[in-house]
1. Given a cut-off of 28 Å, name the pairs among Lys100/Lys167; Lys69/Lys100; Lys141/Lys161 whose C-alpha atoms lie farther apart than that in the structure shown.
2. Using the Karplus curve 6.51 cos²θ - 1.76 cosθ + 1.60 with θ = phi - 60°, work out ³J(HN,Hα) for each residue of the stretch 152-157 in order, rounded to whole Hz, and write x for Gly and Pro.
3. Taking the alpha-carbon distance from Lys143 and a cut-off under 13 Å, which aspartates and glutamates remain once sequence neighbours fewer than 8 residues away in the same chain are dropped?
4. When a/c is below 1.5 the answer is rounded, else prolate if a/b is larger than b/c, else oblate, so apply that to the stretch 79-186 with a ≥ b ≥ c taken from the square roots of the Cα gyration tensor eigenvalues.
5. Whose amide H sits under 5 Å from the amide H of Gly120, counting only residues 5 or more places off or on another chain, with H placed in the peptide plane?
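Rule-based calculations on the coordinates, nothing more; no lab input. Just so it is clear, the model here is predicted, and its values are computed rather than measured.
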Amino acid sequence: MDVKMNRNMGRVLLATACAAALTVGTAVPAFAVNQSGTTSVTYSSSQQVPGTNGWGFEIPTSIPFGADKSVTVDASVTLYNTTPGGSVDQITTLPAGGAKLWLESANVFMLQKGSADPVGYEIAYTGGGVTTSKFDNATTKTKAAIGTFDKTNPSAAGVAKRTGDAKEGGAHTDTLTFSYEDTTGA
């Protein structure tokens, strides 16, 4: 029995010694250099409508109204430089007198569910270049200029507010069209 136990013990010791030798022999030195990179993460609640002359406008992506009429939605517009990293001050091709931005509503500033149940809303703009400060069903029947934008007055703060209430459930919609002439200065 002692011979058998010694033989088994010898085998266990031999296996342990081999495992230890393999572990030491395959050790990898930890000289690795830490490599890293950065990623810019941004969110914009606007969409860019670029022109072909180095500038364009940022306009609202959507104007979602909720159940509470007192909650307003950002509807701001901004002149921007289409050159990545460029600023408005670096735009050299603006029309003489600035770029005029127009706004038109498909339903004359009424949210519609088909042709029934109209719900009113308004958009108010403020800023140095603004020429029409309020767009709604009572004052704006056709396409009208929000204003003229340049390096001095590149943006207009816009606030949209639902003014009416729906009588029926379901989606009530309108489509806004922001437009400008993509021209250059002389």
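1. Details: Lys100/Lys167 37 Å; Lys69/Lys100 31 Å; Lys141/Lys161 18 Å.
Those over the limit are Lys100/Lys167; Lys69/Lys100.
2. Karplus-based 3J(HN,Hα) across the stretch 152-157 equals 7, 10, x, 8, 9, 6 Hz.
3. Glu104
4. Values: a/c = 2.67, a/b = 2.52, b/c = 1.06.
It comes out prolate by the Cα gyration axes.
5. For Gly120, whose amide H was placed from the backbone, the distant partners under 5 Å are Leu111, Thr163, Gly164, Asp165.
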